[in-house]
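Worksheet for the structure shown next.
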Amino acid sequence: MKLEHLYRALALGCILFAGSCAVTNDGTTIKEDGEVNHPIAVEPNYREIKVQFAGGADGLSTDDAVRFDNFLDDYRTHGNGSLGISVPGGPPAHAAIIFFAERAAATGIPRDKILVSTHDVMNNDFRVDVSYIAYTAHAETCGKDWSENLAFTADNLTPKNFGCSVQHNVAAMVADPRDLLGPRGMTPVDTTRRATVLDHYEKGEVTQAEKRTVDKAVEQSSPGVDGGVIQ
């Protein structure tokens, strides 16, 4: 056998051997993708508090005021859809609706997101019910199956727990689980700022905003800064 043919046979054998060690991922093995092995579930979660309307200018006790304002803050961060405010039916209902709706609007919640209603009093419970829907993200608990000896991987297959810890951490850290479902919609463009920048550009002027005087000395592009170090 010529030496050239021998090299070709050895190269072919190496290729076949390497292929036999590759992960087939035929549906019966763990994928080499943590998102596939351990998907993150995003589910709606109903959140609710009940506070007592005390009437008058204050409308709430000190403790209930703190709870209500914290709940509104949580809604602005995690809420999806409308903020529901349901007050007990009866003569005080109108005053309660005005108080809670205005307090919510004052925090920056759009009025078209505030949904008010009344409900029948049950078991002498005259509290106001405030609620909204949020989304939560969670992944399965990691480390359920440690039957494999990871120090011996002759079959070269992906471990069963591959990617689980990463997915679990992503689910715990994500600020808004809705972002895992798809990209957010674009916010309206700032037409005023765009027109200003284009006007400066057409005139050959600097298009960036003027820096505040107190910031100029510490800007990396400042004449007094060399390589990020103030001279």
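The values are calculated or read from the model by the stated rules, or taken from the named source; none is laboratory data. Predicted model, so just to flag it, every value in this text is computed and none were measured. All Cβ positions, even for glycine, are placed from backbone atoms using ideal geometry, and neighbour counts span all protein chains on display.
Pro159 versus (1) in contact with a Leu (Cβ under 7 Å, 6 or more places away or on another chain); (2) at pLDDT 90 or above; (3) of a type outside the set (D, E, K, R): which is the lone unmet condition?
(2)
Give the number of residues within segment 185-231 that are modelled with pLDDT of 65 or more, among the acidic types (Asp, Glu) and more than 30 Å from Asn80 (Cα to Cα).
Residues in segment 185-231 being modelled with pLDDT of 65 or more, among the acidic types (Asp, Glu) and more than 30 Å from Asn80 (Cα to Cα): 4 in total.
Name the single residue, out of those in segment 48-65 being of a type outside the set (A, V, I, L, M, F, W, C) and at pLDDT below 90, that is surrounded by the fewest Cβ atoms within 10 Å (Cβ to Cβ).
Gly56
Somewhere in segment 180-194, is a residue surrounded by 10 or more Cβ atoms within 10 Å (Cβ to Cβ), in contact with a helix residue (DSSP H, G or I) (Cβ under 9 Å, 6 or more places away or on another chain) and assigned to a helix (DSSP H, G or I)?
yes
Filter segment 80-105 for residues that are in a helix (DSSP H, G or I) and within 25 Å of the chain's Cα centre (by Cα); which is surrounded by the most Cβ atoms within 10 Å (Cβ to Cβ)?
Per the criteria, the residue is Ala104.
When the residues of segment 149-179 are narrowed to those that are assigned to a loop (DSSP other than H, G, I, E, B) and hydrophobic (A, V, I, L, M, F, W, C), which ends up nearest to Arg76 (Cα to Cα)?
Ala175
How do the pairs read when you match residues in segment 94-109 that are without any contact (Cβ under 8 Å) to a residue 12 or more places away in the chain and under 14 Å from Phe71 (Cα atoms) with residues anywhere that are assigned to a helix (DSSP H, G or I) and of a type in the set (Gly, Ala, Ser), using Cβ under 8 Å and keeping only pairs 6 or more apart or on different chains?
Matching pairs, first to second residue: none at all.
Report, ordered by the first and then the second residue, all pairs with beta carbons closer than 9 Å, sequence separation of six or more or different chains, a first member in segment 171-189 that is of a type in the set (Gly, Ala, Ser), and a second member that is in a helix (DSSP H, G or I).
Correct list of pairs: Ala171/Pro177; Ala171/Leu180; Ala175/Thr77; Ala175/His78.
Can you tell me how many residues in segment 128-182 are touching an Asp or Glu at 6+ places or on another chain (Cβ under 9 Å) and not aliphatic (A, V, I, L, M)?
Final tally of qualifying residues: 16.
Being crowded, with 18+ Cβ neighbours inside 10 Å, modelled with pLDDT of 90 or more and not hydroxyl-bearing (Ser, Thr, Tyr) is the filter here; which residues of segment 66-78 pass it?
Phe68, Phe71, Leu72
Would you check which residues across segment 109-148 are assigned to a loop (DSSP other than H, G, I, E, B) and farther than 29 Å from Ile40 by Cα and list them?
Ile109, Pro110, Asp120, Val121, Met122, Asn123, Asn124, Asp125, Phe126, Arg127
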